Amino acid sequence: MPTSAESLFDDACGELAVGNLDAAISKYRESVEVDPAFFDGWHSLGMALMKQGQLQEAIGAGLMATELRPNDLLAWTSLSQMYAKDGKIAEAEAAKANATVLSIGGKLKKE
């Protein structure tokens, strides 16, 4: 029986908890390969890649997370951080503005 995205995600979180960032990233990547619509996998992959300094790939994962859940405050906040760390201030501010809309109860996309 194939491994589920959730199981791979749990394994990745375990690796992250003990400081194995490379192994965590590998497991997060596997989780989104198994299920390309797995929001938690994309979001966590982006954050782990940002921590490792792989900013372009982190931003790509962050964008996937916002596409999957356009009304997720954490996804937009994280994407803003990724852009800021990469020096893309205009993009960071735009993502932050989306997060602000969501934080006051607005929606970016009708569900």
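Condition check: at pLDDT 95 or above and in contact with a Cys (Cβ under 8 Å, 6 or more places away or on another chain). Does ALA90 satisfy that?
no
Just give me the residues in the stretch 1-22 being closer than 17 Å to MET50 by Cβ and either of a type in the set (Phe, Trp, Tyr) or part of a helix (DSSP H, G or I) (or both), in sequence order.
ALA12, CYS13, GLU15, LEU16, LEU21, ASP22
Here are some residues: LEU74, LEU45, LEU108, LEU49. Which one is within 18 Å of PHE9 (Cβ to Cβ) and either acidic (Asp, Glu) or surrounded by fewer than 18 Cβ atoms within 10 Å (Cβ to Cβ) (or both)?
After ruling out the rest, the residue left standing is LEU74.
Given the residues ALA97, ALA84, ALA65, which is the only one that is touching a His at 6+ places or on another chain (Cβ under 6 Å) and either in a loop (DSSP other than H, G, I, E, B) or of a type outside the set (Val, Ile, Thr) (or both)?
None of the other options fit; the residue is ALA65.
Determine which single condition ASN20 fails, assuming it passes every other condition in (1) surrounded by fewer than 22 Cβ atoms within 10 Å (Cβ to Cβ); (2) closer than 20 Å to SER80 by Cα.
Against the list (1) surrounded by fewer than 22 Cβ atoms within 10 Å (Cβ to Cβ); (2) closer than 20 Å to SER80 by Cα, ASN20 comes up short only on (2).
With LYS51, LYS27 as the choices, which residue is in a helix (DSSP H, G or I), without any contact (Cβ under 8 Å) to a residue 24 or more places away in the chain and either out of contact with any strand residue (DSSP E or B) (no Cβ under 7 Å at 6 or more places or on another chain) or within 19 Å of SER4 (Cβ to Cβ) (or both)?
That would be LYS27, the only listed residue that is in a helix (DSSP H, G or I), without any contact (Cβ under 8 Å) to a residue 24 or more places away in the chain and either out of contact with any strand residue (DSSP E or B) (no Cβ under 7 Å at 6 or more places or on another chain) or within 19 Å of SER4 (Cβ to Cβ) (or both).
Quick check on my filter: what residues within the stretch 30-41 are under 13 Å from THR3 (Cα atoms) and part of a loop (DSSP other than H, G, I, E, B)?
Residue satisfying the conditions is ASP35 alone.
Given the criterion in contact with a Leu (Cβ under 9 Å, 6 or more places away or on another chain) and not basic (Lys, Arg), identify the matching residue among LEU68, LEU45, LEU21, LEU73.
Only one candidate qualifies: LEU73.
Can you pull out every residue in the stretch 52-71 that is within 19 Å of LYS27 (Cβ to Cβ) and either buried (at least 21 other Cβ atoms within 10 Å of the Cβ) or of a type in the set (A, V, I, L, M, F, W, C) (or both)?
Across the stretch 52-71, the qualifying residues are ALA58, ALA61, GLY62, MET64, ALA65, LEU68.
The values are calculated or read from the model by the stated rules, or taken from the named source; none is laboratory data. Just so you know, these numbers come straight off a predicted model, no measurement behind them. Reconstructed Cβ throughout: ideal geometry from the backbone, glycine too, with neighbour counts over all protein chains shown.
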